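Input: a single structure, listed below in structure tokens.
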Amino acid sequence: MQIEREIVFPASPAEVWEALTEPERLEEWFATEVELDAQPGGIGVFRWGDGDERRAVVREAEPEERLVLDWEDEGQVVLELDEVDGGTRVRVVERSPEWSTALELHALAWVAVA
Amino acid sequence: MGRGRVEHVFDALGDPGRRSLVEAVASRGSATATELAAGLPVTRQAVAKQLAALADAGLLRSTRAGRETRYEVTPEPLGDAVAWMVDMGATWDGRLDRLGRALAKGRAAR
């Protein structure tokens, strides 16, 4: 099971990468308190105002191109950057491994049935 | 959603025969093994066994109707998965909206 989002920001890949990887920038949009070592094997700790905390390990970090975080509890988030006319396209894929792709197909079939 | 429950649902729906039975029950609203077997080249007993397996997985709900068991579909087992998609989708919509504003602010500050 996964969700996908794609959006183009009027900013350079370097600016977007900074907003995706520097803790003080991440605190502007992702979580209330962020610690992140944005290199493969690096640890991320994200805290929200409601007391929620999630930890992650950086699986991949290719500057201005691709960032992959494995959540400690479950799932993975992939952020891909592409330079396009007018800015940078950001593609987000968040996956929850508990639901297999096959089950997802069944879920779709189910929706069609219900 | 527990892993065990997901696998249970997955196993129950992994068999094409069972999937078509779920569809048959859904299209009729409710059905008994006798009613379903009437239109299929299988015995009532075989259909009853598959229906019981689907009920065990939580995909069908059963009620006794005289000497027969009547089944109807329960969409709840997959409800958790759908809820996750909706919640996570909304979360990312909010994040990307804030990211856009953070980037604009970063630009203005340069």
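Among (1) among the hydrophobic types (A, V, I, L, M, F, W, C); (2) within 23 Å of residue B:100 (Cβ to Cβ); (3) away from chain B (no Cβ under 12 Å), where does residue A:43 come up short?
Condition (2) is where residue A:43 drops out.
Pairs only if they're at least six apart or on different chains, beta carbon under 6 angstrom, first in region A:23-44 and farther than 14 Å from residue A:58 by Cβ and touching a residue at least 24 places away in the same chain (Cβ under 8 Å), second surrounded by fewer than 18 Cβ atoms within 10 Å (Cβ to Cβ) and among the small types (Gly, Ala, Ser); list them, first residue then second.
Matching pairs, first to second residue: none at all.
Which residue, of B:40, B:60, B:36, is within 14 Å of chain A (Cβ to nearest Cβ) and either more than 11 Å from residue B:21 (Cα to Cα) or aliphatic (A, V, I, L, M) (or both)?
B:60
Within region B:12-37, track down each residue that is closer than 20 Å to residue B:63 by Cβ and surrounded by fewer than 15 Cβ atoms within 10 Å (Cβ to Cβ).
Passing the criteria: B:27, B:28, B:29, B:34.
Looking at residue A:52 and the list (1) surrounded by 14 or more Cβ atoms within 10 Å (Cβ to Cβ); (2) of a type in the set (Asp, Glu); (3) within 14 Å of chain B (Cβ to nearest Cβ), which single condition is not satisfied?
(1)
Looking only at region A:1-21, which residues are over 19 Å from residue B:89 (Cβ atoms), more than 9 Å from chain B (Cβ to nearest Cβ) and within 14 Å of the chain's Cα centre (by Cα)?
Listed by number, the residues that qualify are A:17, A:21.
Residues that are in contact with a Gly (Cβ under 7 Å, 6 or more places away or on another chain), surrounded by 15 or more Cβ atoms within 10 Å (Cβ to Cβ) and at pLDDT 80 or above: does region B:48-58 have at least one?
Looking through region B:48-58, at least one residue is in contact with a Gly (Cβ under 7 Å, 6 or more places away or on another chain), surrounded by 15 or more Cβ atoms within 10 Å (Cβ to Cβ) and at pLDDT 80 or above.
Would you pick out the residues in region B:96-109 that are more than 8 Å from every other protein chain (Cβ to nearest Cβ) and farther than 12 Å from residue A:11 by Cα?
B:97, B:109
Of the residues that make up region A:37-51, is at least one within 13 Å of the chain's Cα centre (by Cα) and among the aliphatic types (A, V, I, L, M)? Talk me through it step by step, then tell me what you get.
At the first step, the residues of region A:37-51 found to be within 13 Å of the chain's Cα centre (by Cα) are A:38, A:44, A:46.
When the remaining residues are screened for being among the aliphatic types (A, V, I, L, M), the result is A:38.
Yes: region A:37-51 contains one or more residues that are within 13 Å of the chain's Cα centre (by Cα) and among the aliphatic types (A, V, I, L, M).
The values are calculated or read from the model by the stated rules, or taken from the named source; none is laboratory data. Just so it is clear, the structure is predicted and the values come from calculations on it, not from any experiment. Using ideal geometry, Cβ is built from the backbone for each residue, glycine included, and neighbour counts are taken over all protein chains shown.
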